[in-house]
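Q: Provided herewith is a single structure, encoded as structure tokens, for subsequent inquiry.
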Amino acid sequence: MIEITQDKKRVFLETYGCQMNAYDSELVRSILKKENYEFVTEEFKADIVMLNTCAIREHAHRKVYGRVHSIRHARGKDSPVMIGILGCMATNLRQDLLEDRSLKIDFIAGPDSYKRLPQLIHEASDEGGKSYDVTLSEFETYSDISPSRREGGVNAWLAVMRGCNNFCTFCVVPYTRGRERSRSPENVVEEVRLLAAEGFKQVTLLGQNVNSYRYEDYDFAYLMDEVSKVDGIERIRFTSPHPKDFPDRFLDLMAVNPKICKHIHLPLQAGNNRILDMMNRTYTNEEFLSLVDKIRAKIPGIALSTDVIVGFPTETDGEFEDTLQVIAKSQFDSAFNFKYSERQGTVASKKYPDDVPEAIKTERIMRLNELQKEITYQKNRAHIGKIETVLLEPYPDAKNKEIMPGRTDGNVLVLLPQGPYKGGDILKVRITEASPHALKGLPL
């Protein structure tokens, strides 16, 4: 056991999963920096290693377990280190983490317990035992914490609400992050002003069901409008919404407000009504397609992306074909497709045996990926010859230092040759080439 003293407060923080986890890691940095903890970029220099975990992504727990073992093995007995598990997995698998002696976890903190991290670390160090707090709060929004963000960024994540009330049967979020609660519009706008002063050009508003935001009488449309009034912020994005929460007032605002990006991530999950009902998604495929038509009628040219799960329990070949049909009709610009993977603690894990063979899941996702790849390619080809407004990202392409990446208003990746511009610049770009993965263009 390592004793944490004033000169042994070096922390290495590793983040897994979604944008909300990335935002939470910024909160953690801010909380611990106030207590004189120093964050290092190399794990072997740290006295404390914290893994901010995800319980959503496939095999996430295996990756974290393997990571913990690799840290312990690399450090050995002569270089002790404290290890803490944060985030959704801390809540969902607390008992497993504490009881697995081979892991030797020192402390655990759930998503609503980050303010207690200094105390949890102190308890684990001084008392030589395990400390944990995975309490779910009805009120915690961290609205009093100013996140510690990376320097030189273009986009900043900003959580406007926490938790979820939807209880989709495949999802653990209501059990790991609690029920929905929203920050006040004034508090959100104040953070956006700070971001603009720090040089961020784009903000992405986050929530597990972000468009169900509600604070007193204020809805998400009101919040988006207020955020758009902040000088210095050029683009506003949001994720992830639920198809049940798209009132005309919100879509009308998106159509006319130039700062709100014309891109909506609209999770489908499945295209068959029986499966949608088993998932507790609260809409039919007909209602989903009707919403797609309404969005495109109100906002011509809007980019739509989606999430799809294949191989949900009892899904038949015919029901999977329904999903392919909805994808073909919806013509999404891009999609994130997943094979169903059972999550401990969900309704689906308790009620529905994971009975679709892995080989069938693989065959289905390959067919789905091929269909979406062709749709995306045709969508991208339609940009050739057009002039797009591109916000440059802060760093050159990792694989090719001669290429500068950026994003269109519709969130399509654009690759430009290096030139006299930098991350954060907004350029008019003529699109010259397209692939299923990106566009290429030349600045005007």
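The values are calculated or read from the model by the stated rules, or taken from the named source; none is laboratory data. No experiment lies behind these values; they were computed from the predicted model shown. Cβ placement follows ideal geometry from the backbone for every residue including glycine, while neighbour counts extend to all protein chains displayed. Heavy atoms of the whole protein, side chains included, go into the accessibility calculation; ligands, DNA and RNA do not. Shrake-Rupley method; radii C 1.70, N 1.55, O 1.52, S 1.80 Å.
Q: Considering only region 330-368, how many residues are within 26 Å of L439 (Cα to Cα) and in contact with a strand residue (DSSP E or B) (Cβ under 6 Å, 6 or more places away or on another chain)?
A: Adding up the residues that qualify gives 9.
Q: Another question, if that's okay. Restricting region 201-221 to residues that are touching a Gly at 6+ places or on another chain (Cβ under 7 Å) and touching a residue at least 60 places away in the same chain (Cβ under 8 Å), which is nearest to C18 (Cα to Cα)?
A: For region 201-221, the residue satisfying everything is Q208.
Q: Checking S70 against (1) surrounded by 14 or more Cβ atoms within 10 Å (Cβ to Cβ); (2) without any contact (Cβ under 8 Å) to a residue 24 or more places away in the chain; (3) not acidic (D, E), which test does it fail?
A: (1)
Q: Another one. Of the conditions (1) open to solvent by 60 Å² or more (accessible area, probe 1.4 Å); (2) within 30 Å of P174 (Cα to Cα); (3) hydroxyl-bearing (S, T, Y), Y395 fails just one. Which one is it?
A: Going through (1) open to solvent by 60 Å² or more (accessible area, probe 1.4 Å); (2) within 30 Å of P174 (Cα to Cα); (3) hydroxyl-bearing (S, T, Y) one by one, Y395 breaks only (2).
Q: Also, I was wondering about something else. Take region 99-112 and flag every residue that is open to solvent by 10 Å² or more (accessible area, probe 1.4 Å) and within 25 Å of Y37 (Cα to Cα).
A: If the condition is that a residue be open to solvent by 10 Å² or more (accessible area, probe 1.4 Å) and within 25 Å of Y37 (Cα to Cα), then K104, D106, D112 are the ones that fit.
Q: Can you pull out the residues in region 183-231 that are of a type in the set (D, E, K, R) and on the phi > 0 side of the Ramachandran plot?
A: Matches in region 183-231: E216 only.
Q: Which condition number does A335 fail, the rest of (1) part of a strand (DSSP E or B); (2) exposed (fewer than 15 other Cβ atoms within 10 Å of the Cβ) being met?
A: With (1) part of a strand (DSSP E or B); (2) exposed (fewer than 15 other Cβ atoms within 10 Å of the Cβ) applied to A335, the lone miss is (2).
Q: Go through region 238-271 and give me each residue that's within 23 Å of V192 (Cβ to Cβ), small (G, A, S) and in a loop (DSSP other than H, G, I, E, B).
A: Selection gives S240 alone.
Q: Going by the conditions given, is F139 touching a strand residue (DSSP E or B) at 6+ places or on another chain (Cβ under 7 Å) and surrounded by fewer than 16 Cβ atoms within 10 Å (Cβ to Cβ)?
A: The answer is yes for F139.
Q: For D133, indicate whether it is under 25 Å from N165 (Cβ atoms), open to solvent by 10 Å² or more (accessible area, probe 1.4 Å), in contact with a helix residue (DSSP H, G or I) (Cβ under 6 Å, 6 or more places away or on another chain) and modelled with pLDDT under 95.
A: yes
Q: Still on this structure, I have one more. What is the number of the single condition among (1) in contact with a Phe, Trp or Tyr (Cβ under 8 Å, 6 or more places away or on another chain); (2) open to solvent by 20 Å² or more (accessible area, probe 1.4 Å); (3) at pLDDT below 95 that D219 does not meet?
A: (3)
Q: What residue, of N369, N380, is within 23 Å of C261 (Cβ to Cβ) and under 26 Å from the mean Cα position of the chain (by Cα)?
A: Just a single option satisfies the conditions, and that option is N380.
Q: Given the residues D277, D293, which is the only one that is of a type in the set (D, E), surrounded by 14 or more Cβ atoms within 10 Å (Cβ to Cβ) and free of Cβ contacts under 8 Å to residues at least 12 places away in the same chain?
A: That would be D277, the only listed residue that is of a type in the set (D, E), surrounded by 14 or more Cβ atoms within 10 Å (Cβ to Cβ) and free of Cβ contacts under 8 Å to residues at least 12 places away in the same chain.
Q: May I pose another question? Being in contact with a helix residue (DSSP H, G or I) (Cβ under 6 Å, 6 or more places away or on another chain), assigned to a helix (DSSP H, G or I) and open to solvent by less than 40 Å² (accessible area, probe 1.4 Å): is that true of V28 here?
A: yes
Q: Specify which of the listed residues (I431, I375, I327, I384) is surrounded by 15 or more Cβ atoms within 10 Å (Cβ to Cβ) and touching a strand residue (DSSP E or B) at 6+ places or on another chain (Cβ under 6 Å).
A: Only one candidate passes the filter, namely I431.
Q: Now for a different question. Of all the residues that make up region 338-351, how many are open to solvent by less than 40 Å² (accessible area, probe 1.4 Å) and either modelled with pLDDT of 95 or more or under 17 Å from N166 (Cα atoms) (or both)?
A: 6
Q: So, one more: Residue by residue through region 36-69, note down the ones that are in a loop (DSSP other than H, G, I, E, B), in contact with a Lys or Arg (Cβ under 8 Å, 6 or more places away or on another chain) and of a type outside the set (V, I, T).
A: Result: N36, Y37, A46, D47, A55, E58.
Q: Identify, please: which residue in region 175-188 is in contact with a helix residue (DSSP H, G or I) (Cβ under 7 Å, 6 or more places away or on another chain) and open to solvent by 10 Å² or more (accessible area, probe 1.4 Å) and is, among those, farthest from S143 (Cα to Cα)?
A: Step by step, filter region 175-188, then rank; the result is Y175.
Q: From the set of residues in region 405-426 that are over 22 Å from D333 (Cα atoms) and free of Cβ contacts under 8 Å to residues at least 40 places away in the same chain, which is surrounded by the fewest Cβ atoms within 10 Å (Cβ to Cβ)?
A: The selected residue is P420.
Q: Across region 304-318, which residue is nearest to L289 (Cα to Cα) among those that are open to solvent by 20 Å² or more (accessible area, probe 1.4 Å) and not in a strand (DSSP E or B)?
A: By that ranking, first place goes to G318.
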